[in-house]
Amino acid sequence: MTRYTARMSTPPKPPRHRCHCGKEFIHRSHLRRHESSHTQASFACHICSRSFVRRDVYTRHLKLHDSGASCREKGQKACDVCRKNKQRCNGDVPCLSCVSKGIACTYPSPTSSKPCSVTAGDDINPSLSPDILSSQRTNLHTPRVKEGLEVIILQIASVHGQILGSEKSIQAWMASSIATYFGRFHERWPIIHAPIFDKGTESALLVGSVILLGSWQRESRQRSQFLVAFHQSMMSQLLPLMKSLALDSDNPQWPYAVYQAAVLNVIFAVEALSQDLISGAVSLLSLVIESFRYHGIFRSEAVDRHQKQLFTSKGLPWLRIGQERWKRLAAAILKIGSIISIIHNKRHLLKEGDVTLSIPATFAMWNSHAYTTFYERLKTEPKDRQGISMDMVIKETPALIPSGTLLEDIELGLAGASISLSQEHAETNAVANRLQYWKASLDRVKSFLCETPNFEEPGSFLLRAYSGNEDKDGKCTQVIARIRSLYLGTLAMHCLLSLRLYSRPIPTGPSLPAPMETSVLQDLQLDISSELRAWAASSTGRHAFSHSMSFLQEARNAATAQQPDSAPDPLIKIAVSHGFAVVSAWFRATDNICLQEGRCAGLNSILDWDDGQDRREWLQKGGNLAVDGCRTCHCSKDKWLSSFQSVYMQLTDEGT
């Protein structure tokens, strides 16, 4: 009995060696080998550009490319280029080697002496194969999808002047587009977790979306037609894919990469400022929201349950990433839905109580590019943010978050205002109060930027919150530039909401010329109706005029700064164009006539707009007003409209 018991007793478990990411290993050597995978890769595949830390894995990967050649039909020959260079060919048309090198891929025809030629840069339809993406169960990492993506990327590169160059030039162009994406665009749309993004392992849809948006930021709009076609091609894949995902409700996996690609393409459609792309973007966004609602992704309980069931890692960084990625995606959906609602006068697709996830962590935590950085920033990360839900910020104007209000929090508050304003019977006074509250929060950020902040001061919360992957040298300058860029974009969103609230008689939506299509603002030829005159003479009209002039000053200061933003938020340009429309209509409809032989007369009492008390008095009672020392009478109409025009053209030059 004793021997039986001894035989059946469970042997003691060997000691486990744990990595900081949560994975465990029996042997310490295995742990060290795994830990090296967290560092920069040192071996890159010359065919598909995937990177590897271990040489043996890299060698085994190369054999996968070679296996395609050994599995070809008997008697099938290599392409002309591979045969001439005496290298293996995978037999595709075009083959991987020719695609990577950007050269024509020709095969000897068995029935004809003429070679069959396929050039990687030919004008073929730039789309991913529909049969590959027809089902949500399809593996988006399959070689066919990646080959299709490579052909698309080659065509984009050829349009932008890097025509079928060496493999290095194509890879350099791709790397540059991705790097551009993770610049200002990623800062205002932090959807992707930058520290772990790898184009060699991410899905083709997501990599294509990143390259699309990165290229859009860095290329001139005159050469953007192909990028728009590429976007439309991806939309033709994403729309049916999202519909098929809705049919497979029993799949426990949430298609995170598909959601990311879908939201990024919606953002592209909006930031391209083309009315033709909006209907498809709204349809795709509605499908994403429908899927989120079905799975409960907007709810903290569902996200926590999903993570516990499918992701068993206990490493703190991975636990935080698993929760944060859904918060960031939900916040982006709220923001882009609000922008569509504001600009295109559409009803918001979300309701105030839909999203109960806690507000996102700081930008610094989401962009910790090393584990040591993660744990260092975790010490100063505000703990109270995890206890505040997005719907609390959306539905109310809460007291200041004890640790401090971020620009992302203000965007959530503005999203709540846009949801309320898009309702059929909106309570305009309540919306105005909320906008006033969030404007005060923006003013505090502006005051911070007007000082000379540094990381040593007690009030350096914003500097710590918006730190990224900067080097120590010049870090403060880069972080301040990031905050200033985000501030102006958020202020533009506030301005657009205010103009929609206070300028109902003025067409400031799709009836305006699309900024993408023109670099010159056109004066609106409006009929001066009694409604328009009443609006111009009312406090509502004066509020609209005031918001337009206020944002003009901010945009002009940013455009004429010593180091203007190289990739300004497109919302800034839209806000300037809408402000131009409001000011133009206000001048046309106002009765403040003072022309007498080309000179101003009868304006003895002038209120100074820069004086807070004078501005409040003018907003309530009206009267004669001067902004920046220049009177706002008919004599100065052309001067003010030309100021809008000048800033608009500067933004157009910076964004091309």
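Of the numbered conditions (1) crowded, with 21+ Cβ neighbours inside 10 Å; (2) modelled with pLDDT under 85, Ile528 satisfies every one except a single condition; which is it? Of the numbered conditions (1) crowded, with 21+ Cβ neighbours inside 10 Å; (2) modelled with pLDDT under 85, the odd one out for Ile528 is (1). Screening His348 against (1) modelled with pLDDT of 90 or more; (2) surrounded by fewer than 22 Cβ atoms within 10 Å (Cβ to Cβ); (3) closer than 18 Å to Tyr437 by Cβ; (4) not charged (D, E, K, R) leaves a single unmet condition, (3).
Residues in region 394-423 that are assigned to a loop (DSSP other than H, G, I, E, B), over 23 Å from Leu463 (Cα atoms) and touching a residue at least 40 places away in the same chain (Cβ under 8 Å): Thr397, Ser422, Gln423.
Just give me the residues in region 403-434 being charged (D, E, K, R) and modelled with pLDDT of 90 or more, in sequence order.
Just the residues of region 403-434 that are charged (D, E, K, R), to begin with: 408-409, 411, 424, 427, 434.
Listed by number, the residues that qualify are Glu408, Asp409, Glu411, Arg434.
Going by what's in this entry, would Ser447 be described as assigned to a helix (DSSP H, G or I) and either touching a Cys at 6+ places or on another chain (Cβ under 7 Å) or under 21 Å from Tyr502 (Cα atoms) (or both)? Write out each step before concluding.
Numbers: assigned to a helix (DSSP H, G or I): yes; either touching a Cys at 6+ places or on another chain (Cβ under 7 Å) or under 21 Å from Tyr502 (Cα atoms) (or both): no.
Judged against the criteria, Ser447 is not a match.
Of the conditions (1) touching a residue at least 12 places away in the same chain (Cβ under 8 Å); (2) in a helix (DSSP H, G or I), Lys346 clears all except one; give me its number. Condition not satisfied by Lys346: (2).
Against the test of being among the charged types (D, E, K, R), out of contact with any Lys or Arg (no Cβ under 6 Å at 6 or more places or on another chain), at pLDDT 95 or above and part of a helix (DSSP H, G or I), the options Arg328, Arg320 yield a single qualifying residue, Arg328. For region 76-90, a tally of residues being at pLDDT below 75 and either closer than 12 Å to Pro108 by Cα or outside any loop (DSSP other than H, G, I, E, B) (or both) returns 2.
Among what's in region 372-431 and is among the β-branched types (Val, Ile, Thr) and touching an Asp or Glu at 6+ places or on another chain (Cβ under 7 Å), pick the residue that is farthest from Glu35 (Cα to Cα). Talk me through it step by step, then tell me what you get.
Just the residues of region 372-431 that are among the β-branched types (Val, Ile, Thr), to begin with: 372-373, 380, 388, 393-394, 397, 401, 405, 410, 419, 428, 431.
With the extra rule that they be touching an Asp or Glu at 6+ places or on another chain (Cβ under 7 Å), the set shrinks to 393-394, 401, 419.
Numbers: Val393: 40, Ile394: 42, Ile401: 38, Ile419: 47 Å.
That would be Ile419.
Within region 428-442, if we keep just the residues that are within 23 Å of Thr356 (Cβ to Cβ) and not basic (Lys, Arg), the residue that is surrounded by the most Cβ atoms within 10 Å (Cβ to Cβ) turns out to be Trp438.
Filter region 275-316 down to residues that are among the aromatic types (Phe, Trp, Tyr) and in contact (Cβ under 8 Å) with a residue 24 or more places away in the chain and give me whichever is farthest from Lys351 (Cα to Cα). Step through it out loud before you land on a result.
The first filter runs over region 275-316 and keeps only residues among the aromatic types (Phe, Trp, Tyr), leaving 292, 294, 298, 311.
Add one more test, that the residue is in contact (Cβ under 8 Å) with a residue 24 or more places away in the chain, and what stays is 292, 294, 298.
Details: Phe292: 13, Tyr294: 15, Phe298: 11 Å.
The qualifying residue farthest from Lys351 (Cα to Cα) is Tyr294.
Could you go through region 384-392 and let me know if any residue there is part of a helix (DSSP H, G or I), in contact (Cβ under 8 Å) with a residue 40 or more places away in the chain and either over 24 Å from the mean Cα position of the chain (by Cα) or buried (at least 17 other Cβ atoms within 10 Å of the Cβ) (or both). Reasoning before the result, please.
Filtering region 384-392 down to residues part of a helix (DSSP H, G or I) leaves 384-387, 390-392.
Filter once more, keeping what is in contact (Cβ under 8 Å) with a residue 40 or more places away in the chain: 390.
Now narrow it down to the ones that are either over 24 Å from the mean Cα position of the chain (by Cα) or buried (at least 17 other Cβ atoms within 10 Å of the Cβ) (or both): 390.
Yes, region 384-392 contains a residue that is part of a helix (DSSP H, G or I), in contact (Cβ under 8 Å) with a residue 40 or more places away in the chain and either over 24 Å from the mean Cα position of the chain (by Cα) or buried (at least 17 other Cβ atoms within 10 Å of the Cβ) (or both).
The values are calculated or read from the model by the stated rules, or taken from the named source; none is laboratory data. The model shown is predicted, which means the values in this text are computed figures rather than measured ones. Please note: Cβ atoms are built from the backbone with ideal geometry, for glycine as well, and neighbour counts cover all protein chains shown.
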